[in-house]
1. Return one number: the angle in degrees, 0 to 90 and rounded to the nearest 10, between the long axis of the Cα atoms of helix A:44-54 and the longest principal axis of the Cα atoms of chain A.
2. Under 18 Å Cα to Cα from A:Lys220, which lysines show up? Leave out anything in the same chain fewer than 8 places away.
3. I want to verify the translational diffusion coefficient of segment B:2-293 in µm²/s; compute it with Stokes-Einstein, Rh as the Kirkwood radius over Cα pairs, at 20 °C and 1.002 mPa s.
4. On average over all directions, what projected area in square nanometres does segment A:93-266 have, based on the convex hull of its Cα atoms?
5. Once a ≥ b ≥ c are taken as the square roots of the eigenvalues of the Cα gyration tensor of the protein assembly as shown, is the result rounded (a/c under 1.5), prolate (a/b larger than b/c) or oblate (a/b not larger than b/c)?
6. What is the local net charge at B:Ala100, summed over the other residues whose Cβ is closer than 13 Å to its Cβ (Lys, Arg +1; Asp, Glu -1)?
7. Over 16 Å apart: what share of the alpha carbon pairs of segment B:212-294 falls there, rounded to a whole percent?
8. Grab the other residues whose beta carbon is less than 14 angstrom from that of A:Val156, score K and R as +1, D and E as -1, and report the net.
Amino acid sequence: MKRFVIRRVGYALLSLVVLSATFFVFVRLTGDPSVLLVEPGASKADIDAIRADLGLDKPLLVQYAVFVKGLLRADFGRSFYYRTPVLELYLERLPNSLLLAVVAMAFSLAIGIPSGILAAVRVNGWWDRAGKIFALLGLSMPSFWVGLLLILFFSVYLGWLPSSGSGTPWHVLMPAFALGWYFAAAHMRLTRSSMLEVLGSEYIKLARLKGLPEALVIGKHAFKNALIPVLTLAGINLVLMINVAVVVETVFAWPGVGRLLFEGIAFRDFPVVQTTVILGGVMIIVVNLAVDLMYAVIDPRIRYER
Amino acid sequence: MNASRAAVLAFPGRLASFRREGWPMVPITILAVLALLAIFADVIAPHDPQVGLLGERFRPPAWQQGGSTAHLLGTDHVGRDVLSRLIFGARVSMVVGFTAVIFAGVVGTVLGILAGYLGGWVDQVIMRVTDAWLALPALTFAIFLAAIVGPSEMNIVIILGLVYWTRYARVVRGEVLSLKERDYVRLAIVAGCSKRTIMRRHILPNVVNSAIVLATLMLGVVIVTEAALSFLGVGVPPPKPAWGLMLADGKKGLMAGYWWLTVLPGVCIMLMVLSANLIGDWLRVKLDPQLRQL
């Protein structure tokens, strides 16, 4: 177990190094990074000050060390636009993103799990086919377009829901559905395949043999075990949702992390863009690590693999 | 199991397996029509897609009250003809989509073969980079790169290629690992072929099928990503007629109920992505003998 943990944490750290190196290299590839890091309309003296700060005259490895040191001290710089530390801005927006992601997750599970079970119980039946078409649509309709259609229908035509902003519980419904839509298809497919696997196992046969009603076999015995992989994926997807919500948050003017990223692009506020993306990557790497370690605790076979 | 693999598992490929035999005529027709529109856009489009008449702003489609046959699908917020923009938009999506998929495919396949066949530290380096890049959400990564280099079609292709080559690398490497244990590869080694020759003549032809299937499936992903980037203003620069840009412009007329500006470009994106996915699934079943037997 100890060796597994060490190796897995080592991989995660390595991923972080590759990630930070990628950012470092790309920012410098485009030429002079001081152009990105300096406020639009800054004076020559300001640009020179930034250059000296970054140490652009020093070797690349030294520059990288300075960059990493800044990250490790959680020093992400100041936003050009808001004039406050970027980290503060980020943490301010994070609860909104979390709220959106949780409601979106609720939508996607509420749609995905029941339809997945129905598809598994009636393989190749009407429900299964409908599910396949639904999954295809989920992949093919961009979430932001779904969002725009929702606004058109529920805000413009029916006038039931507010088209943008936040504040009341009504505001979260449409962005959450648009975001959850894509993931609903994923959760449906996984529920279906995991349910099919469980339904083929011995203990389900036994449950049927002892004369349990089919509803109980599926609802009580199969359902619980089939849910484990789905909930694991849901956990990973929740973090993913926070980080892919950029477009949906932009459509609905939802004040989350994604909207912050969009504002960063619109105002040419590079420290904001860089920080949002880096923190998103870190979040995902950490969650992957956590899930892997959790698996290893639950399932000893994984620990001794390889 | 990491997130990306879990995500792949969650999207089992044979979504369209209810159509195993014969050619998938509907998606092929849709893609062919879109391709023809893209190629002959100059001839087909009734108006200049980038120039509008301010007097003709927000005209509804011809069949609605206030519409005219001069603008069959209406006009946008600066009076540009929506039909012409959709037709030229097909060209943008096709060019960006195909070149990005091919670029990513070539880079990913080459690196995948190198990693899988050479093994050792080459494999370690390539796969660690692949893992770290796969950990980033593709859209956010693409936005970050686009924010650095600025919007242009060329940049979009490069960015999409850089973001998506990792998928190919992982799949191709897996294939190569099993291919290199085959007898014919061992015979080639005994016969004295150089590593280069083996990779090029014996390994590459056998992974091309998987790369093509993956490319078809990636086409949809790439087109959606391009649309999202354009929608956010870091993709194809205005006033070029890209579908994602049209959706962004359409937002200006959304609250007034100008539905055609929001619905039509989205339908185009959906049709194209749906077709690519259906063809990809069909190809996968067709080209992969193992799957065919299932």
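1. The two axes meet at around 60 degrees.
2. Straight-line reach from A:Lys220, under 18 Å: A:Lys205, A:Lys210.
3. Numbers: Rh = 20.9 Å.
Rounded, D is 103 µm²/s.
4. The number I arrive at for segment A:93-266 is 11.2 nm².
5. Numbers: a/c = 1.31, a/b = 1.10, b/c = 1.19.
Because its axes are fairly even, with a/c under 1.5, the protein assembly as shown counts as rounded.
6. Values: positive: B:Arg167; negative: B:Glu153, B:Glu226.
Net charge around B:Ala100: -1.
7. Details: 1998 of 3403 pairs.
Percent of Cα pairs beyond 16 Å in segment B:212-294: 59.
8. +2
Each value in this text was obtained by applying a stated rule to the coordinates, not by laboratory testing. Because the structure is a prediction, the values reported are computed rather than measured. Glycine also receives a Cβ, built like all others from the backbone with ideal geometry; neighbour counts cover every protein chain displayed.
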